[in-house]
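J.: Okay, here's the structure, questions in a sec.
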Amino acid sequence: MALWMEKGSQPQTESEIADLDAIAALKESAALELKEKGNEFVKLGKKHYLEAIDCYTRAINQKVLSDSENSVLFANRAHVNLLLGNHRRALTDAEEAINLCPTNVKAFYRAVKASLSLNLLNEAKMYCENGLEKDPSNEELKKLARKVESNIIEHQSHEAEVSNAVTVAKGLVSAIEARKLKMGKAMYRELTGLKKPVLDKDNILHWPVLLLYAEVMSSDFIEDFCETDMFSAHLDLIFSEDSPPLPWDTENKYTRDAIELYYEACSGTCLSTAKLLQYFLEGTAGANVELPCEDENTTGISSSTTISAGDDSASKWIRVNERRTLHDVLRESRFIIPEIPVFFVVSRRSSFYQVFKSGKWSPQ
Amino acid sequence: MATEMEELVGFLSSPSPPVKKAAVDIVCGLTGSEDGLQSLATFANILLPSLVRLLSETKEVSQPAAEGLVNLSQNSNMASKMVTIGMVKTAMDLLYKPDTSITRLLVMLLVNLTQSDAGIASLLQTGDEKVQGLYVMKLVRSFCRSSNESGDDSFEHVGSILVNISKNEAGRKILLDPKRGLLKQIIRQFDSSSPLRKKGVSGTIRNCCFEAENQLQNLLLVSEFLWPALLLPVAGHKIYAEQDTVKMPPELGTALSIDREPVDDPEIRIQALEAIYLIVLQEAGRRALWSVNGPRILQVGYEDEEDPKVMEAYERIGSLLVHGNGTEESTAEATK
């Protein structure tokens, strides 16, 4: 029998037609057999999944089956891909199955599962809805639909949290820039942890403030020091007559009238705007947000002014006038805030005072 | 009579200097009376541009021309017409030309022109983002650099311009913008001995405090200058005791520990109190007032006050402080 055909020529003779029919029938039964084999392999378990996929693929490639039969093949292959964790491939297979036979509910089901695993929540929702249109009473689809809904809600609430955290952090950055404050790296992280300043509803900053007793390097914390408060008011409270003396201050040298407050001048280099934003996002929902690349020109808060720590040790410690507000002191030209303000407390009446004032003492 | 007036206005553009001079002197005289203003009004469309042209000429015509314009601008229709023909820009351009002899009059003209919203918008230059606020900055700088001491205080009236523009939200925004630093400069002028300057500053601050709800930080962060300007006028006559002043920042404490000149004008005292009231409506404002021992100052000042309207203003603040959280001293802090 001559099995080739000249290009463009139609089967002329009855026998030629019969031959073609026979080939088609062969292909068809081969494809159906392959499908059965694939199903068998799936039942045999994990080790045979790849073989199952191979069977389905070959069956599809025969290109002889009807659309609805091919749809079943694609849906089956999607199922195995899901089992193998090939979610992307499972999704394309399920989609093809749906294209070929829009009433193939199993295909919808698998499309939803694949989309969920890929976190494509909108697609998942769409497939759920379309599937339920075709088969409204499908319990499994309904269950999936509920899961998709709850994933969407969780995602939205997380997005809202992140967006909120970013807004708050950006608000802090712009408040700091507007006040022309200089921010540097943290210095006493082990004492301050992740504490950050807070902007209240009137756009006034409240700072957590660290007080270090230089003589013994013990610390105290002022949780909420509003920038419009004066130092004297807070010191009055800490060193009031009713409050107990500091435990290590056995000779009671640290009384209200004897204490003096200092900050370290030029204690480091300034943070760029991007780094500052990052710092404010640390520990919040927005901690992992990708920030836009920093523009060379917009280094915001004077990161170009790397004021070197004075070699002039006498002016390393700058005295704080108690009758000034926190904001006024933070604004001073040589104050670089180490993420949160740090002030050193000494007592005029202690022998340590001379050492401190001579500039020979250093926090390390 | 109409044709005579027409002729007169026409002479303003005469090529002959003595004719021009005579005409502008007559026109200027006419603007000093109601009847004169009425009859000139009909020829506004020719009159105004002619007078404007004369502003850039020699002193003998520019001065009467300027005076005439100032008088004319007291009428709101005339003022609107002037704003429409770009009078604000013209005035600003002329103001900063060297050797100008009509500075004082130009400033007064701007005061009148900024009575209307259109005039304010024109001065704020809100139309053009690139130059917005530039005129205002120039005027504030001139206001602060010149002073009463030199005898001829030509920028004295700028304070009144600022009062006008601060009635407008866009104006307040520019004045309060920390990047421009205008508020700080303006407040410092409060110490001037010129009552006009003092009043201008006081009125401007009061108007700006209407932004306390949204821009409190821009007000409080210049508190070093703001509190003295607001509290000293209403602190009464007495010398304060040390137990009171020690709780105040030095700029207040020192001033209140010595004899001082009282502020006689009750309107300034009322404006200061109204400004304080607006600040104290906000929680952070109350807190800030407490932190400088402000309520004590108001208490002592109230004792000395006799003017009923001013007393009312003190009382309004008093009730806010009592009902708003009166115990707002510094918050508790934890000790490790």
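J.: Looking only at segment B:25-44, decide whether some residue is touching an Asp or Glu at 6+ places or on another chain (Cβ under 9 Å) and among the aliphatic types (A, V, I, L, M).
T.: Checking segment B:25-44: not a single residue is touching an Asp or Glu at 6+ places or on another chain (Cβ under 9 Å) and among the aliphatic types (A, V, I, L, M).
J.: What are the residues in segment A:240-274 that are under 22 Å from A:Glu332 (Cβ atoms) and either assigned to a loop (DSSP other than H, G, I, E, B) or out of contact with any strand residue (DSSP E or B) (no Cβ under 7 Å at 6 or more places or on another chain) (or both), if any? Working first, answer last.
T.: The first filter runs over segment A:240-274 and keeps only residues under 22 Å from A:Glu332 (Cβ atoms), leaving A:259-273.
A:Ala265, A:Cys266, A:Ser267, A:Gly268, A:Thr269, A:Leu271, A:Ser272, A:Thr273, listed by residue number.
J.: Take segment B:208-246 and flag every residue that is facing another protein chain (nearest Cβ under 9 Å), outside any helix (DSSP H, G or I) and buried (at least 21 other Cβ atoms within 10 Å of the Cβ). Break it down stepwise before answering.
T.: Within segment B:208-246, the subset facing another protein chain (nearest Cβ under 9 Å) is B:212-218, B:220-221, B:223-224, B:246.
Okay, now just the ones that are also outside any helix (DSSP H, G or I), so B:221, B:246.
The answer is B:Leu221, and nothing else.
J.: Do the conditions hold for B:Ile268, that is, is it within 15 Å of B:Cys209 (Cα to Cα), in a helix (DSSP H, G or I), within 14 Å of another protein chain (Cβ to nearest Cβ) and of a type in the set (Val, Ile, Thr)? Give the derivation first.
T.: Details: within 15 Å of B:Cys209 (Cα to Cα): yes; in a helix (DSSP H, G or I): yes; within 14 Å of another protein chain (Cβ to nearest Cβ): no; of a type in the set (Val, Ile, Thr): yes.
Criteria not met by B:Ile268.
J.: Pairs please, first residue from segment A:350-364 and in contact (Cβ under 8 Å) with a residue 24 or more places away in the chain, second anywhere and loosely packed, with under 14 Cβ neighbours inside 10 Å, Cβ atoms under 7 Å, 6+ apart in sequence or on different chains.
T.: So the pair list comes out as A:Gly359/A:Ser313; A:Gly359/A:Ala314.
J.: Continuing with this model, one more query. Kindly indicate which of B:Leu95, B:Leu134 is in contact with a helix residue (DSSP H, G or I) (Cβ under 7 Å, 6 or more places away or on another chain) and at negative phi. Step through it out loud before you land on a result.
T.: Values: B:Leu134 fails: in contact with a helix residue (DSSP H, G or I) (Cβ under 7 Å, 6 or more places away or on another chain).
After applying the criteria, what remains is B:Leu95.
J.: Kindly indicate whether A:Thr255 is within 11 Å of chain B (Cβ to nearest Cβ) and touching a residue at least 12 places away in the same chain (Cβ under 8 Å).
T.: On the way: within 11 Å of chain B (Cβ to nearest Cβ): no; touching a residue at least 12 places away in the same chain (Cβ under 8 Å): yes.
So A:Thr255 does not fit the description; no.
J.: Same structure again: Those residues that are at the interface with chain B (Cβ under 9 Å from one of its Cβ atoms) and part of a helix (DSSP H, G or I), I need them from segment A:223-234; list them, please. Before the answer, list the steps.
T.: In the first step, residues of segment A:223-234 are kept if they are at the interface with chain B (Cβ under 9 Å from one of its Cβ atoms); the result is A:223-230, A:232-234.
Within segment A:223-234, A:Ser232, A:Ala233, A:His234 meet the criteria.
J.: Out of all the residues in segment B:163-207, which are crowded, with 18+ Cβ neighbours inside 10 Å, within 14 Å of another protein chain (Cβ to nearest Cβ) and within 17 Å of B:Lys138 (Cβ to Cβ)?
T.: Scanning segment B:163-207 gives a single hit, B:Leu183.
J.: On the basis of being modelled with pLDDT under 90 and touching an Asp or Glu at 6+ places or on another chain (Cβ under 7 Å), does B:Pro178 make the cut? Don't jump to the end; show me each part of the working.
T.: Numbers: modelled with pLDDT under 90: yes; touching an Asp or Glu at 6+ places or on another chain (Cβ under 7 Å): no.
Against the criterion (modelled with pLDDT under 90 and touching an Asp or Glu at 6+ places or on another chain (Cβ under 7 Å)), B:Pro178 does not qualify.
J.: Here is a further query. Pick from A:Leu237, A:Leu212, A:Leu194: which is over 18 Å from B:Val222 (Cα atoms), more than 9 Å from chain B (Cβ to nearest Cβ) and not in a loop (DSSP other than H, G, I, E, B)? Steps first, please.
T.: Working: A:Leu237 fails: more than 9 Å from chain B (Cβ to nearest Cβ); A:Leu194 fails: not in a loop (DSSP other than H, G, I, E, B).
Unique residue meeting the criteria: A:Leu212.
Condition check ((1) of a type in the set (S, T, N, Q); (2) crowded, with 16+ Cβ neighbours inside 10 Å; (3) in contact with a Cys (Cβ under 7 Å, 6 or more places away or on another chain); (4) not in a helix (DSSP H, G or I)) across all residues:
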site	(1), (2), (3), (4)
A:Glu40	no, no, no, no
A:Thr57	yes, no, no, no
A:Val64	no, yes, no, yes
A:Ser68	yes, no, yes, no
A:Val72	no, yes, no, no
A:Asn76	yes, yes, no, no
A:His79	no, yes, no, no
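J.: Something else: Of A:Ile259, A:Ile222, A:Ile204, A:Ile307, which residue is modelled with pLDDT of 90 or more, touching a Cys at 6+ places or on another chain (Cβ under 8 Å) and hydrophobic (A, V, I, L, M, F, W, C)?
T.: On the way: A:Ile259 fails: touching a Cys at 6+ places or on another chain (Cβ under 8 Å); A:Ile222 fails: touching a Cys at 6+ places or on another chain (Cβ under 8 Å); A:Ile307 fails: modelled with pLDDT of 90 or more.
The conditions single out A:Ile204.
Table: residues versus (1) buried (at least 20 other Cβ atoms within 10 Å of the Cβ); (2) more than 11 Å from chain B (Cβ to nearest Cβ).
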position: A:Val168; (1), (2): no, yes
position: A:Gly171; (1), (2): no, yes
position: A:Met183; (1), (2): yes, yes
position: A:Tyr188; (1), (2): no, yes
position: A:Asp200; (1), (2): no, no
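J.: Checking the conditions here, which among A:Arg146, A:Arg110 is of a type in the set (Lys, Arg), without any contact (Cβ under 8 Å) to a residue 40 or more places away in the chain and under 21 Å from A:His79 (Cβ atoms)? Steps first, answer last, please.
T.: Numbers: A:Arg146 fails: under 21 Å from A:His79 (Cβ atoms).
Sole residue among the options that is of a type in the set (Lys, Arg), without any contact (Cβ under 8 Å) to a residue 40 or more places away in the chain and under 21 Å from A:His79 (Cβ atoms): A:Arg110.
J.: From the set of residues in segment B:291-303 that are over 14 Å from B:Leu230 (Cβ atoms) and touching a residue at least 24 places away in the same chain (Cβ under 8 Å), which is nearest to the other protein chains (Cβ to nearest Cβ)? Working first, answer last.
T.: Of the residues in segment B:291-303, the ones over 14 Å from B:Leu230 (Cβ atoms) are B:291, B:296, B:299-300, B:302-303.
From what's left, touching a residue at least 24 places away in the same chain (Cβ under 8 Å): B:291, B:296, B:300, B:302-303.
Details: B:Ser291: 5, B:Arg296: 13, B:Val300: 19, B:Tyr302: 23, B:Glu303: 25 Å.
Looking at residues that are over 14 Å from B:Leu230 (Cβ atoms) and touching a residue at least 24 places away in the same chain (Cβ under 8 Å), I get B:Ser291.
J.: State whether one or more residues within segment B:276-290 are within 14 Å of another protein chain (Cβ to nearest Cβ), part of a loop (DSSP other than H, G, I, E, B) and closer than 24 Å to B:Ala170 by Cα. Show your work before the answer.
T.: Within segment B:276-290, the first condition is being within 14 Å of another protein chain (Cβ to nearest Cβ), and the residues that meet it are B:278-290.
Filter once more, keeping what is part of a loop (DSSP other than H, G, I, E, B): B:281-282.
From what is left, the residues that are closer than 24 Å to B:Ala170 by Cα are B:281-282.
Looking through segment B:276-290, at least one residue is within 14 Å of another protein chain (Cβ to nearest Cβ), part of a loop (DSSP other than H, G, I, E, B) and closer than 24 Å to B:Ala170 by Cα.
J.: On to the next question. Which condition number does A:Asp220 fail, the rest of (1) in contact with a Gly (Cβ under 8 Å, 6 or more places away or on another chain); (2) outside any loop (DSSP other than H, G, I, E, B); (3) within 9 Å of another protein chain (Cβ to nearest Cβ); (4) of a type outside the set (A, V, I, L, M, F, W, C) being met?
T.: (1)
J.: For segment B:247-257, how many residues meet the condition of being in contact (Cβ under 8 Å) with a residue 40 or more places away in the chain, outside any loop (DSSP other than H, G, I, E, B) and at the interface with chain A (Cβ under 9 Å from one of its Cβ atoms)?
T.: Going through segment B:247-257 one residue at a time, the tally reaches 0.
J.: Scan segment B:128-154 for residues that are modelled with pLDDT of 90 or more and within 14 Å of B:Thr103 (Cα to Cα) and jot them down.
T.: B:Lys138, B:Leu139, B:Ser142, B:Phe143
Listed here are the residues, each with its yes/no results for (1) within 22 Å of B:Ser13 (Cα to Cα); (2) without any contact (Cβ under 8 Å) to a residue 24 or more places away in the chain; (3) crowded, with 20+ Cβ neighbours inside 10 Å.
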residue: B:Thr58; (1), (2), (3): yes, yes, no
residue: B:Ser62; (1), (2), (3): yes, no, yes
residue: B:Ala65; (1), (2), (3): yes, no, yes
residue: B:Ser73; (1), (2), (3): yes, no, yes
residue: B:Ser80; (1), (2), (3): no, no, no
residue: B:Thr90; (1), (2), (3): yes, no, no
residue: B:Asp93; (1), (2), (3): yes, yes, no
residue: B:Ser101; (1), (2), (3): yes, no, no
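The values are calculated or read from the model by the stated rules, or taken from the named source; none is laboratory data. Every value quoted in this text rests on a predicted model; they were computed, and no experiment measured them. Positions of Cβ are generated from backbone atoms using ideal geometry, with glycine treated the same way; all protein chains shown enter the neighbour counts.
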